[in-house]
Amino acid sequence: MTREPMTAEGFKRLKDELERLKAVERPAVIEAIAEARSHGDLSENAEYDAAKEKQGMIEGRIAEIDHKLAIAEVIDVSTLSGDKITFGATVTLFDLESEKEIQYQIVGADETDLARGRISVRSPMARALIGKSVSDEVTLNAPGGTREFEIQDVAFR
């Protein structure tokens, strides 16, 4: 079984979602199904169909999270250090074309949130950065064309 890297924060977020699904969402949908059943004929009961569909989505998500947690390799980023970019690093880049600074943290695939500057370890940008150090230049072939960056800082927070 292939292990998937995940930050401790991402692992906790998934565990919290799993707990909410099992403790809140699942019982609520079971109650909704029971209520819909009490209304009689199930063949023309839209409430029953909707509740069963929601139950299927909840059970599917529970199974998906269980699997993700089972294969997670939890990495506590606060224990990492060094000057080379690895999983968990927060990297400050200088875009040589736009002359703007940008910052990304390299996280697990399920933790990606570009609005928060969190990119997947599997992304082309992360793959281009891993193993590099401060002052290295990185060329990225993006859909909008080639972009060049200079690495300004590598931190583990």
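Would you point out the residue of segment 118-131, among those that are touching a residue at least 24 places away in the same chain (Cβ under 8 Å) and surrounded by fewer than 16 Cβ atoms within 10 Å (Cβ to Cβ), that is nearest to the chain's Cα centre (by Cα)?
Checked segment 118-131; the qualifying residue nearest to the chain's Cα centre (by Cα) is Ile130.
Have a look at Asp76, Asp113, Asp83 and point out the one that is among the charged types (D, E, K, R), under 17 Å from the mean Cα position of the chain (by Cα) and more than 28 Å from Val29 (Cβ to Cβ).
Of the residues listed, the single one that is among the charged types (D, E, K, R), under 17 Å from the mean Cα position of the chain (by Cα) and more than 28 Å from Val29 (Cβ to Cβ) is Asp76.
I need a count of the residues in segment 96-117 that are surrounded by 15 or more Cβ atoms within 10 Å (Cβ to Cβ) and either of a type in the set (Phe, Trp, Tyr) or without any contact (Cβ under 8 Å) to a residue 12 or more places away in the chain (or both).
Count: 2.
What number of residues within segment 132-157 are surrounded by fewer than 13 Cβ atoms within 10 Å (Cβ to Cβ) and in contact (Cβ under 8 Å) with a residue 60 or more places away in the chain?
So in segment 132-157, the residues surrounded by fewer than 13 Cβ atoms within 10 Å (Cβ to Cβ) come out as 133, 135, 137, 139, 141-146, 157.
Filter once more, keeping what is in contact (Cβ under 8 Å) with a residue 60 or more places away in the chain: 157.
Counting residues in segment 132-157 that are surrounded by fewer than 13 Cβ atoms within 10 Å (Cβ to Cβ) and in contact (Cβ under 8 Å) with a residue 60 or more places away in the chain gives 1.
So, Val91, is that one outside the structural domain of Glu9 (by TED's automatic domain parsing), in contact with a Phe, Trp or Tyr (Cβ under 6 Å, 6 or more places away or on another chain), closer than 21 Å to Leu14 by Cβ and touching a residue at least 60 places away in the same chain (Cβ under 8 Å) or not?
Here the answer is no, as Val91 does not meet what is asked.
Say whether the condition of being in contact (Cβ under 8 Å) with a residue 60 or more places away in the chain and loosely packed, with under 12 Cβ neighbours inside 10 Å is met by at least one residue in segment 2-14.
Yes: segment 2-14 contains one or more residues that are in contact (Cβ under 8 Å) with a residue 60 or more places away in the chain and loosely packed, with under 12 Cβ neighbours inside 10 Å.
Being out of contact with any helix residue (DSSP H, G or I) (no Cβ under 8 Å at 6 or more places or on another chain), farther than 22 Å from Gln105 by Cα and hydrophobic (A, V, I, L, M, F, W, C) narrows it down to one residue among Ala51, Ala32, Ala36, Ala23; which is it?
Ala23
So which strands (runs of 3 or more DSSP E) are wholly in segment 66-157 and hold at least 1 residues that are in contact with a helix residue (DSSP H, G or I) (Cβ under 8 Å, 6 or more places away or on another chain) and among the aromatic types (Phe, Trp, Tyr)? Step through it out loud before you land on a result.
Values: elements: 72-75, 90-95, 100-107, 118-120, 137-142, 145-155.
Result: 100-107.
When the residues of segment 36-65 are filtered to those that are polar (S, T, N, Q) and assigned to a helix (DSSP H, G or I), which remaining residue is surrounded by the fewest Cβ atoms within 10 Å (Cβ to Cβ)?
Keep residues of segment 36-65 that are polar (S, T, N, Q), which gives 38, 43, 45, 55.
Subsequent filtering for residues that are assigned to a helix (DSSP H, G or I) retains 43, 55.
Working: Ser43: 7, Gln55: 17.
The selected residue is Ser43.
The values are calculated or read from the model by the stated rules, or taken from the named source; none is laboratory data. This one's a predicted model, so the numbers in the text were calculated from it and none came from an experiment. Ideal geometry is used to build each Cβ from the backbone, glycine not excepted, and the neighbour counts take in all protein chains shown.
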